[in-house]
Amino acid sequence: MIFTFGYAEIPTRGAAMRTFVAAPVAEGKYPGIWCYSDIFQLSGPSLRAFARLAGYGFVVGAPEIYHRIEPPGLVMPFDDAGRDRGMADAGKTPVADFDEDCRAGLDWLTQHPKVASGKIGAMGFCIGGHLAFRAALQPDVKATVCFYGTGIHNGKLGADTNAGSLERAGEIRGELLVVFGSEDPHVPAEGRAKVADALAAAKVKHRIQMLPAQHAFMRDEGPRFDPETTDQAFAAMIALFRKTFSN
């Protein structure tokens, strides 16, 4: 499906939230998906993934997660300095700010002229996987995909030592897909088990998909990129969104 793309400035308390927006060209209404990057912000790999998602028939909104701290358009390089800067920016951002930005983004996406009423989902990578999990706590989010979300198992997110995300799992009303790489040191086996147990105890409608891959295996630059598992994970996301929003 052919799509168009650009950027929007979503008002928030403080700096406007620069957001990548992509939508199918064809006439009609489509589900809206609020998308989160990893700590490097809207890099080439993230934008390509979000654009690909739009090509499957979704309206995509992806914010610069550090818009309160960094200048518009900043992307961290995939090196030690870029990683350190992204981690430092995360450490300066309270979870309350992430949550406030999420709500502003979901409200904006709901109002998009090409988004179908009541059809809102979320997805994200790495820290964005945790932010997508937080988005799932919002009552209007019907389906969420968390790709190798960091900090869900131990609560670490942004400036907060314990964001309490997993403890709030019972608030999730939509369906959840959680994708982990079995060789991911950032979410070890005991952490993955903790997430699985908490979701089951909270009776969240969910599925955990384990793939033989490392952390950030979907980032199509660098030595950890795994095309086959990326395709499997992406297909699982599309299947969930299409099942959820088919009516």
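The values are calculated or read from the model by the stated rules, or taken from the named source; none is laboratory data. Worth saying up front: this structure is predicted, and the values here are computed from it rather than measured. Methodologically, a virtual Cβ is constructed for each residue, glycine included, from the backbone with ideal geometry; neighbour enumeration extends over all protein chains shown.
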message: For the range 57-155, give me every one of the helices (runs of 4 or more DSSP H) that falls completely inside it and has 3 or more residues that are within 16 Å of the chain's Cα centre (by Cα).
response: 95-111, 127-136
- request: Kindly list, by first and then second residue, each pair from a residue in the range 48-73 that is on the phi < 0 side of the Ramachandran plot and among the basic types (Lys, Arg) to a residue that is surrounded by fewer than 18 Cβ atoms within 10 Å (Cβ to Cβ) and assigned to a loop (DSSP other than H, G, I, E, B), limited to pairs with Cβ atoms under 8 Å and residues at least 6 apart or on different chains.
  value: Arg48/Asp220; Arg68/Gly14; Arg68/Ala15
- prompt: Of (1) free of Cβ contacts under 8 Å to residues at least 40 places away in the same chain; (2) surrounded by fewer than 24 Cβ atoms within 10 Å (Cβ to Cβ); (3) not β-branched (Val, Ile, Thr), Gly158 satisfies all except one. Which?
  reply: (1)
message: Tell me whether the range 165-182 contains one or more residues that are part of a helix (DSSP H, G or I), touching a residue at least 12 places away in the same chain (Cβ under 8 Å) and under 17 Å from the mean Cα position of the chain (by Cα).
response: yes
- request: Considering every residue within the range 167-184, establish whether at least one is under 28 Å from Ile69 (Cβ atoms), crowded, with 21+ Cβ neighbours inside 10 Å, in contact with a His (Cβ under 6 Å, 6 or more places away or on another chain) and among the hydrophobic types (A, V, I, L, M, F, W, C).
  value: no
- prompt: Is it true that some residue in the range 1-14 is modelled with pLDDT of 95 or more, surrounded by 13 or more Cβ atoms within 10 Å (Cβ to Cβ) and touching a Pro at 6+ places or on another chain (Cβ under 6 Å)?
  reply: yes
- prompt: Quick check, is Ala200 among the small types (Gly, Ala, Ser), surrounded by 12 or more Cβ atoms within 10 Å (Cβ to Cβ), within 19 Å of the chain's Cα centre (by Cα) and closer than 17 Å to Phe133 by Cα?
  reply: no
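Only one residue in Ala62, Ala81 is at pLDDT 95 or above, under 15 Å from Ile10 (Cα atoms) and not polar (S, T, N, Q). Which one? Quick ask: steps written out before the conclusion?
On the way: Ala81 fails: under 15 Å from Ile10 (Cα atoms).
Selected residue: Ala62, the only one of Ala62, Ala81 that is at pLDDT 95 or above, under 15 Å from Ile10 (Cα atoms) and not polar (S, T, N, Q).
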task: Would you point out which residue out of Ala88, Ala104 is out of contact with any helix residue (DSSP H, G or I) (no Cβ under 8 Å at 6 or more places or on another chain), at pLDDT 95 or above and buried (at least 17 other Cβ atoms within 10 Å of the Cβ)?
output: Ala104
